[in-house]
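The values are calculated or read from the model by the stated rules, or taken from the named source; none is laboratory data. Given the structure is predicted, the values throughout are model-derived calculations rather than measurements. Positions of Cβ are generated from backbone atoms using ideal geometry, with glycine treated the same way; all protein chains shown enter the neighbour counts.
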Amino acid sequence: MSHQSIAARIVPQLQIGLMAFLTVVDLFAAQALLPALTTHYAVSPSAMGLAVNACTLGMAAGGLTVALLSQHIDRRLGILVSLTVLAIPTTLLAFAPDLWVFAGLRIAQGVCMAAAFGLMLAHIGEQMSQQDAVAAFAAYITGNVVSNLVGRLIATTVVDHSGLAASFYVFAGLNLAGALLAFLTVHSAPRAQNEIPALTAPRDTAVRSWITHFHNRRLRAAFGIGFCILFVFIGTFTFVNFVLVRPPLSVGMMQLGFIYFVFLPSIFTTPLAGMLVQRVGTRIALWISLAIALAGLPMLVSPMLSWVLGGMALVSVGAFAAQAVATSYVSRLAQTDRAAASGIYLACYFSGGLVGSAVLGGLFDRFGWSATVLGVAAALGVAMALTMLLTEPANRLAPTRDTP
C-alpha cells in the first residue's frame with residue numbers, strides 16, 4: 001500500500017477521532033470533579049452524581065430528536081450548530097447557583113452533544129463503505145476514550161490551580177474548537193452521493209423508520225446492549241471517585257486526575273475492535289469485550305490502589321470496545337434511515353447512563369461499593385445474554401456503499 005493511500009485512510013480517521021474528542025470532552029470530565037462539586041454544593045454523593053450525569057438525560061432526548069427528525073436535518077449544518085450552541089450551557093455551569101440549575105445545564109449540554117454525536121454517526125455511515133465505516137466508528141469511539149482521559153486530566157488540573165469556574169470556561173473553549181473543526185472538515189467537504197440533504201423526506205418517514213427498527217429483533221437487542229454498556233460505565237466511573245478519595249486509598253484531587261491514565265490502554269485497544277469484528281464477527285467480539293470488563297470487577301473492591309486501577313483499566317477497555325462494536329453493528333444492520341437507528345441506539349445508551357446513576361447511586365449510598373459493583377456485574381450479564389440474539393448483516397463488510 002502506498003504512502004498516499006495510507007495517509008488517505010489515516011487522516012480522515014484522525015479527524016473523526018478529534019471530532020469525537022471535542023464533542024464529548026466535558027461529558028465525563030465532570031465526574032472527576034465529583035468530590036469537589038459535592039463539597040461545593042453541600043449535597044450527598046448520589047445527589048451530585050445524579051446531577052453530573054443528568055447530561056445523559058439530555059443525550060437520550062437529543063438521540064430521540066435525531067431519530068425522529070433525522071430525515072429533515074442537514075447532517076453537516078446540524079453538527080456545526082450543535083457544537084456551537086454547546087458552548088453556552090458549558091459556560092453557564094460556572095455560574096450555576098444550586099444543584100437544580102447545574103443539572104438543567106448538564107441536560108442542555110447533553111442535548112447538544114447527542115445531536116452532534118448522532119448526526120456524525122449518520123454522516124459516517126452515508127459517506128463511507130461498510131468496510132471503511134467499521135474503522136471510522138472505531139476511530140470515533142477512540143476519540144471518546146481520549147476525551148475521558150484528557151478531559152478528566154484537564155478538569156482536575158484546572159480546578160486544582162484555578163477553581164471550578166475556570167474548568168468550565170476551558171471546556172467551553174474546547175466546544176468552540178470542535179465547532180471550528182466541524183466547519184473546516186465536515187461542513188465544507190463535498191457531499192457524497194448517498195448523503196441525505198435536509199428537508200427532502202416525506203413527513204411519515206420517521207414513523208415508518210421507527211416501526212421498521214423496532215420490529216427488528218437484532219436491533220432491539222443492540223439497543224439493549226447499548227443501555228447496559230453505559231449503565232456499567234457510569235456505575236463504575238462515577239462512584240469509584242468517592243472510593244478513591246476515602247480511606248484506605250485516600251487519593252488527593254491532583255492524584256485523582258492522573259489516576260485516569262487507566263483509560264490509556266483503551267486508546268490503543270478500541271481501534272482494534274473493528275479488526276476483531278472482521279475476524280470473529282460481532283457476537284464473539286462483544287462477548288470478548290464484555291468478558292474483559294467483567295474480569296475487572298473483582299479488582300475494584302480491593303483495598304490496594306494498584307488492584308483498583310487495574311480493574312478500572314479492564315472495565316474501560318471492555319466497555320469502550322463493546323461500544324465501538326455495537327455502534328458499528330447498528331449502522332451496518334439498519335437498512336433504512338441509519339440516523340434514526342443511531343439516534344435510537346444513543347437514546348438507549350444514554351438512558352442506561354441515567355438509570356445506572358440513579359440505581360447504582362442508591363446502592364452506593366445504602367449498601368456501599370461492593371453492592372454497586374454487583375449491580376454493574378448484573379448489567380454485564382444482561383448484555384452478554386442479549387448478545388446471543390445478534391447475527392451478522394448480509395454482506396457485512398462488503399466494500400460497497402449501502403443505500404441509507
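Which of the residues that make up region 105-117 are within 23 Å of Ser328 (Cβ to Cβ) and either at pLDDT below 85 or among the aliphatic types (A, V, I, L, M) (or both)? Listed by number, the residues that qualify are Met113, Ala114, Ala115, Ala116, Phe117. Every test in (1) outside any helix (DSSP H, G or I); (2) within 19 Å of Ala20 (Cα to Cα) is passed by Leu249 save one, and that test is (2). Would you point out the residue of region 44-75, among those that are out of contact with any helix residue (DSSP H, G or I) (no Cβ under 6 Å at 6 or more places or on another chain) and outside any helix (DSSP H, G or I), that is surrounded by the most Cβ atoms within 10 Å (Cβ to Cβ)? Among residues in region 44-75 that are out of contact with any helix residue (DSSP H, G or I) (no Cβ under 6 Å at 6 or more places or on another chain) and outside any helix (DSSP H, G or I), the one surrounded by the most Cβ atoms within 10 Å (Cβ to Cβ) is Ile73. Taking the listed residues Val85, Val101, the one that is under 21 Å from Ser147 (Cα atoms), surrounded by fewer than 24 Cβ atoms within 10 Å (Cβ to Cβ), modelled with pLDDT of 80 or more and not aromatic (Phe, Trp, Tyr) is Val85, with no other qualifying. Filtering region 263-273 down to residues that are surrounded by fewer than 24 Cβ atoms within 10 Å (Cβ to Cβ) and not aromatic (Phe, Trp, Tyr), which residue is modelled with the highest pLDDT? Once the filter is applied, the top-ranked residue is Pro265. Selection of region 38-82 for residues being touching a Pro at 6+ places or on another chain (Cβ under 8 Å) and farther than 28 Å from Leu184 by Cα yields only Thr38. Of Ala358, Ala341, Ala293, Ala285, all but one fail to be within 19 Å of the chain's Cα centre (by Cα) and surrounded by fewer than 20 Cβ atoms within 10 Å (Cβ to Cβ); the exception is Ala358.
Among the residues of region 148-188, those identified as hydroxyl-bearing (Ser, Thr, Tyr) and either surrounded by fewer than 24 Cβ atoms within 10 Å (Cβ to Cβ) or farther than 19 Å from Leu37 by Cβ (or both) are Thr157, Ser162, Tyr169, Thr185, Ser188. When Pro303 is tested against (1) in contact (Cβ under 8 Å) with a residue 60 or more places away in the chain; (2) surrounded by fewer than 17 Cβ atoms within 10 Å (Cβ to Cβ), only condition (1) is not met.
For region 118-128, a residue qualifies if it is in contact with a Ser or Thr (Cβ under 6 Å, 6 or more places away or on another chain) and either at pLDDT 75 or above or surrounded by fewer than 24 Cβ atoms within 10 Å (Cβ to Cβ) (or both), and exactly one does: Gly118.
Restricting attention to region 236-260, the residues that are within 22 Å of Val146 (Cβ to Cβ), under 19 Å from the mean Cα position of the chain (by Cα) and modelled with pLDDT of 85 or more total 3.
Reported count of residues in region 365-398, each being assigned to a helix (DSSP H, G or I) and either in contact with a Gly (Cβ under 8 Å, 6 or more places away or on another chain) or among the β-branched types (Val, Ile, Thr) (or both), is 9.
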